[in-house]
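This report refers to the structure that appears directly beneath it.
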Amino acid sequence: MSFNTFGHLFRVTTWGESHGPALGATVDGCPPGVSLDAEMIQHWLDKRKPGQNKYTTQRREPDAVKILSGVFEGKTTGTPIQLMIENTDQRSKDYGDIVEKFRPGHADISYWQKYGIRDYRGGGRSSARETASRVAASGVARAALQHLAPNVEIKGYMTRMGAHEMDRANFDWDQIDQNPFWVPDAAAAATWADYLDGLRKSGSSVGAVIEVVARGVPAGLGAPIYGKLDTDLAAAMMSINAVKGVEIGEGMSAAMLTGELNADEISMGPDGPEYSSNHAGGILGGISTGQDIVVRFAVKPTSSILQTRKTITKSGEAAEIITKGRHDPCVGIRAVPVGEAMMACVILDHLLLDRGQTGGVRGPIG
C-alpha cells in the first residue's frame, strides 16, 4: 500500500529521499496540448530552493529539473510526466550522531516505531526536501491552469513569524517578492529580519503562519460531502512537512463571530453575484463561489536546532543530542512556495473533476 500519491484526476506521486541521488515526481492526468518545458517549471523551483539568503538553510542545491517523459515538441502528450531533480550537496556525515538517537520533534522515532528502519541522513523521506518534488509538479499544474483557466492567480505569503504578526493595514501585494520572508508588509519585513537573525545566531528556530490566496477561480469547483474543495485543500496543506494547523477563510476565528457577522451578504452586480465579505474563504458547501479562495496554515519551529535536547536511543537509554547540519531557522519561509504548489495542484484537479462531472454547466443567475 502506497501513500505517496495525491489527487483524483491530476495525480502526483513524489519519490526520492533527502540524501539519495535524486528525487522527483510522476505527474499523471495532465491534459494534452499544454505548453511546457523545463524552464517553466524551474521558475517555481527557484522560489523554493535552499541557500538563497542567510535566513534559510545553506545547503546549496541548484534544484535543476529534468523532464524525462510526457512532453513532445514543447507540448504535453497526455501521458505520465516524469520529473527529476538531482541532489548535489548532501552532507550525510552531519547525521552520524543520530544513527542511534531520535531527534526530538522529528519523525525519527515514529518512522522507527512503524517500519523498524529509517534513513537517518537528513530524515530521508520525512525531510522537507521532498517538497521540491511537489513544487516541480505544480509547475505542470500552473501550465495547465494557464491553458484552461488563464484568470487563475495563486499567491502565498507569510502573515506571522513567531510572536510577530504583519499589519493588515499595510498589506501591499507588490512587497511580497521584495523581501526574503514573502511578507506583504515592508515594516514587518524589517522587524522580522532582526528577530530571525538573533534566533539564527543563537541556534534556535521559530514557527510561522502562511496564507495562500487563489484569485480568479471560477464558481462551481468542488462537490458536496466527500468531494469538497476545502477538504482536499486542507489535506494538501496538512501534508506539508511541519504543518500543524490549517484554516479556510475565517478559520478558527469563525467560532468568535455571530451569525450575522459571519454570513457573507450577497447582492447582484453587473457581472454576477457579489459578496460583502469573504469569511467563507471563497468556498460554501465545499464548492467555490467565485470569490478569492483563502487558505492559511501554521508551521511549527524547525526541530533541528543547535540547542542540547534530551532524548533516548534505540535501546531505550537516556541521551542528549544537538542536531548538526544546515537547517532553516524558520522553515515557514520556504513553505510559502510549497503552499502555492499544493493550491495549484488541487485547483487544477478540481477543475478537471468539474469538467468531467458537469461539463462546465452552471445554474443561471439573473
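Ordering I322, A344, G356 by the projection of their Cα atoms onto the charge dipole of the range 306-366, which places +1 on the Cβ of Lys and Arg and -1 on the Cβ of Asp and Glu, puts I322 at the extreme positive end.
If you add up the charges near P32, with Lys and Arg at +1 and Asp and Glu at -1, over every other residue whose beta carbon is less than 15 angstrom from its beta carbon, what do you get?
Working: positive: K75, R355; negative: D28, E73.
So the surrounding residues net to 0.
Compared with the alpha-carbon gap, the fully stretched path from K324 to Q146 is longer by 59.9 nm at 0.36 nm per residue.
At a 1.4 Å probe, what is the % contribution of carbon and sulfur to the accessible area of the chain? It would help to have the intermediate numbers written out before the result.
Values: 9140 of 17160 Å².
Of all accessible area on the chain, carbon and sulfur atoms account for 53 percent.
Taking the Cα centre of the chain as the origin and placing charges on Cβ (Lys, Arg +1; Asp, Glu -1), which of P270, S35, I293 is farthest toward the positive end of the dipole? Farthest towards the positive end: S35.
Past 24 Å, Cα to Cα: identify those pairs from K49/K244; K66/K324; K66/K244, in the order given. It would help to have the intermediate numbers written out before the result.
Working: K49/K244 22 Å; K66/K324 31 Å; K66/K244 32 Å.
Correct reply: K66/K324; K66/K244.
Annotation: amide H of K228 within the under-5 Å range of A223, sequence separation 5 or more or interchain, hydrogens built in the peptide plane. Count Lys and Arg as plus one, Asp and Glu as minus one, and take only other residues whose Cβ is under 13 Å from that of K66; the net charge is then -4. Working from label points 7 Å from Cα in the Cα-to-Cβ sense, the E100 to E73 distance is 6.3 nm. Counting only protein heavy atoms and a 1.4 Å probe, the chain has 47 square angstrom of accessible area per residue. Each residue of the range 353-361 was assigned a 3J(HN,Hα) from its phi angle through the Karplus expression (A = 6.51, B = -1.76, C = 1.60, θ = phi - 60°), giving 4, 5, 4, x, 7, 10, x, x, 5 Hz with x at Gly and Pro.
Estimated from helices alone, the mean residue ellipticity of the chain at 222 nm is -8000 deg cm²/dmol (sum of -39500 (n - 2.57) over DSSP H runs with n ≥ 4, per residue). In the range 1-33, whose amide N lies under 17 Å from the spot 7 Å out along Cα-to-Cβ of I117? List them in ranges. What the label zone holds, given the 17 Å backbone N cut-off, is 1-3, 16-21.
Suppose every K and R has +1 on its Cβ and every D and E has -1 on its Cβ; what is the size of the dipole of the chain about the Cα centre, in Debye to the nearest 20? Spell out each step's value before the answer.
Values: 38 positive and 42 negative charges, 316 e Å.
Taking the Cα centre of the chain as origin, the dipole is about 1520 debye.
Identify the residues of the range 264-284 with backbone N under 13 Å of a label point that sits 7 angstrom from the Cα of V361 along the Cα-to-Cβ direction, or state none. No residue qualifies, since no backbone N sits under 13 Å from the label point. When each of the peptides 257-267, 124-134, 210-220 is scored by how many other beta carbons lie within 10 Å of its residues on average, the order from highest to lowest is 124-134, 210-220, 257-267.
The values are calculated or read from the model by the stated rules, or taken from the named source; none is laboratory data. Worth saying up front: this structure is predicted, and the values here are computed from it rather than measured. Positions of Cβ are generated from backbone atoms using ideal geometry, with glycine treated the same way; all protein chains shown enter the neighbour counts. These area figures cover heavy atoms from the full protein model, side chains too; ligands, DNA and RNA do not enter into them. Shrake-Rupley method; radii C 1.70, N 1.55, O 1.52, S 1.80 Å.
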